[in-house]
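The values are calculated or read from the model by the stated rules, or taken from the named source; none is laboratory data. Bear in mind that the values here come from a model prediction, so they are computed numbers and not experimental data. Because the Cβ atoms are built from the backbone with ideal geometry, glycine has one as well, and the counts that use them run over all protein chains shown. Surface areas here come from the heavy atoms of the whole protein model, side chains and all, with no ligands, DNA or RNA. Shrake-Rupley method; radii C 1.70, N 1.55, O 1.52, S 1.80 Å.
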Amino acid sequence: MPDQDPTPNQSELASFGEELRREREIRGISLKEIADATKISKRFLEAIERNDHKTLPAPVFTRGFVREYARYLGLSSEEMVNRYNFAAVGDDRIEQSAHLERLTTPQAPLVPRKKAPPMSIPPAYARVDRNVYILILVVVALAGVSYWALKHRRESRAASEEHAAAEARTVTTPVPPKPSVVLAQPATATTASQTQPNQTEALLLSLEVNDRSVVVLEADGETVINDELRRGYHRTIEAKDRFRFRTIGNAAGISLTLNDKPVPPLGRNGQVLHDVVFDRESLQKMPER
């Protein structure tokens, strides 16, 4: 049986760019947003998705574009670069460009090697490793900082003791305490305080995945999830003020519980949501179990 040619065809090349475009659209990210963040021309990003190698620069630059593109989407940059290298092997334009570059690049002339001058013994200070000098400087700096901190601590302790002694010498006349008056508060105030949520209580969001979905979640402004979650995934996350879903790729694929209160369904199957926020006000509006 003849060996099959391992060189990829144009359909494999096209599937590489289509996969990048699909991952970008799932996350709801535009090419302009990637271009502004990575400083890559939008024209080159479109050429990568279309697999238009005539528009793209040399492969060494294109690999850097693919790496930054995949890293912004949260994908494995090295895996995507390897897939690009494998997909671009069969592109005749890249092979012809590399062959032309080898033909047109002038060879450097041979230059006779000059005879090295005789070695001389360096002075003593030059034979000492530079790291020794750096270590000495660091030790001196640490000693100076320690001396200053110890002196400041002693002065602060002496000032505190002197202040305490001055207060002990002062004779004060005790003042009888005033009778405290307890005013009865209306019942409505107690009822209102019981209905208000505890502002110091932490927010706990339980996330359970029922169907495959891309989720980008922030807790108090910090990204805690940026991945494609599969069925059966479960996690509980804590925040002080609020949660913000930057992207939910499949609204019907996840179920949420906020502080043991079930969150109503977010949307239908396959619906993509952006900027969905849950905070203490949202917790107050949710029905009890």
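Values computed for the structure shown
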{"item": "Residue count, segment 38-70 (criterion: more than 24 Å from the chain's Cα centre (by Cα) and of a type outside the set (S, T, N, Q))", "result": "16"}
{"item": "All positions within segment 233-250 that are surrounded by 18 or more Cβ atoms within 10 Å (Cβ to Cβ) and of a type in the set (S, T, N, Q)", "result": "Thr247, Asn250"}
{"item": "Pairs with Cβ under 8 Å, 6+ apart, first in segment 230-245 and more than 9 Å from Leu203 (Cβ to Cβ), second basic (Lys, Arg) and surrounded by 11 or more Cβ atoms within 10 Å (Cβ to Cβ)", "result": "Arg230/Arg212; Arg231/Arg212"}
{"item": "Residue match in segment 279-288 (condition: surrounded by 14 or more Cβ atoms within 10 Å (Cβ to Cβ), in contact with a Leu (Cβ under 7 Å, 6 or more places away or on another chain) and closer than 27 Å to Tyr72 by Cα)", "result": "no"}
{"item": "Helices (runs of 4 or more DSSP H) enclosed by segment 26-95 - at least 1 residues per element that are open to solvent by 20 Å² or more (accessible area, probe 1.4 Å), touching a residue at least 24 places away in the same chain (Cβ under 8 Å) and of a type in the set (Ser, Thr, Tyr)", "result": "31-38, 59-73"}
{"item": "Residue match in segment 252-274 (condition: of a type in the set (D, E, K, R), in a strand (DSSP E or B) and either closer than 25 Å to Leu75 by Cα or under 20 Å from the mean Cα position of the chain (by Cα) (or both))", "result": "no"}
